[in-house]
Amino acid sequence: MDAVVEGSEHVTVFAPNDEAFRKATDSEKRKLNSGLNELRRIMEYHTASGTMTTKKLIGTNAVFTGTTEKHKKSFVNVNIQEYTVNNARIVSADHEFENGVIHVIDRVLFPPEGNIVSKIREHSNLSTLVDLLSRSGIDVMLNKSGHHGWTLFAPSNAAFDLMDDRLMSRLMADPLQLIMFLNYHILDRALFTCEIRPRLQYRFQTLAKDWIRLKQDQDGVPIVVNAMAKMTHSNVDSRNGVVHVVDHVLVCPCLKTPGSGNDV
């Protein structure tokens, strides 16, 4: 890290503590030990030009990383209200030094590869979602690299198998309803699970303009969306956002029959 910040006039460092390195997964440890070039790339991802104290980070949801033009192509998602950077928590903040500031975090950050669409295409159990995103044209939006973070709640193929056949027929027959249905699975921000604290309920507005609710009953159990859809695979990071796989589809209230409580 010293070599990365050396020569930088003003720099912000998101510095993993010792525990962060100890709890890295085996695959993450292999990346850290795969050579100096890769290690430097990872360390660059923990730095940003400018002295950004937590006060200056208020209202910011993305910070471009790297202290040289070569590396200023990635960004980390910051939620200073929850003291998080991507899926890491800021455990100690605003340690100023001669040419910048350090925020200590509890996880090592790794530069993501690919965008959201390429990530879900890697998973065969998300093929139905991939097909619907392509059919609706929403995959074009999720392919954009300049956006500072989408969140996609991605229903698995098994989740679509549980869906009412009549609703799927409606979606296939009406492109606008299909877009509304899919937009209800997308947030216009990157939401990592470390922002969700146990026993609290959170509400987030989707691209469909309706709200979803997230809650984790206690540590160690899956986060649940709308009191039904469990996250079965979370924090799949990408260059333009994050994916959480869920075991039920999310049905926008606007697609339900008024007063019936049913999905069709």
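The values are calculated or read from the model by the stated rules, or taken from the named source; none is laboratory data. Quick caveat, the model's predicted, so the values are computed rather than measured. Note: ideal-geometry Cβ built from the backbone for every residue, glycine included; neighbour counts use all protein chains shown. Note: accessible area is taken over every heavy atom of the protein model, side chains too, but ligands, DNA and RNA are not part of it. Shrake-Rupley method; radii C 1.70, N 1.55, O 1.52, S 1.80 Å.
For the reader, a short list of remarks on this structure follows.
- Computed over the chain: relative contact order in percent, which uses C-alpha pairs under 8 Å that are six or more apart: 17
- Heavy-atom accessible surface of Ile223, to the nearest 10 Å², is about 10 Å², with a 1.4 Å probe and all protein chains retained.
- Estimated Rh, segment 76-200: Kirkwood, alpha-carbon pairs, angstrom: 17.0
- Potential lengthening between Val221 and Asp164 on full extension [0.36 nm per residue; Cα-Cα distance subtracted]: 17.8 nm
- Computed about its Cα centre, the charge dipole of segment 62-201 is approximately 120 debye, with only Lys, Arg, Asp and Glu carrying charge at their Cβ.
- Cβ-Cβ FRET estimate between Tyr202 and Phe21, R0 fixed at 51 Å, reported to 0.05: 0.95
- With the simple spin-label model, which puts each label point 7 Å out from Cα in the Cβ direction, the Gln81 to Thr193 separation comes to 2.2 nm.
- Identified option (computed log10 I(q)/I(0) by the Debye sum over Cα atoms at q = 0.10, 0.12 Å⁻¹; candidates (i) -0.75, -0.93; (ii) -0.55, -0.76; (iii) -0.49, -0.71): (ii)
- Debye, to nearest 20: dipole size of the chain, +1 on Lys, Arg Cβ, -1 on Asp, Glu Cβ: 380
- Among Leu191, Leu39, Leu214: highest mean-square fluctuation, GNM of the chain, C-alpha pairs under 10 Å: Leu39
- On the basis of the beta-carbon distance and an R0 of 30 Å, Lys144 and Arg89 show a calculated FRET efficiency of 0.60.
- Pairs of lysines in the chain whose Cα atoms sit within less than 23 Å of one another amount to 22, provided the residues are eight or more positions apart or on different chains.
- Taking amide H as placed 1.01 Å from N in the peptide plane, the amide H of Tyr184 sits under 5 Å from that of Ala208, each at least 5 places away or on another chain.
- Dividing the alpha-carbon radius of gyration of segment 201-259 by the rule-of-thumb value 2.2 N^0.38 Å gives 1.23.
- Three-way shape call for segment 4-128 based on the alpha-carbon gyration tensor, with the a/c threshold at 1.5: prolate
- Efficiency of FRET between Asp174 and Phe97 - r from beta-carbon atoms, R0 51 angstrom, step 0.05: 0.30
- Listed values for segment 234-245 are Karplus-derived 3J(HN,Hα) couplings in whole Hz (6.51 cos²θ - 1.76 cosθ + 1.60, θ = phi - 60°), namely 10, 6, 7, 7, 9, 5, 10, x, 9, 10, 10, 7, and x replaces Gly and Pro.
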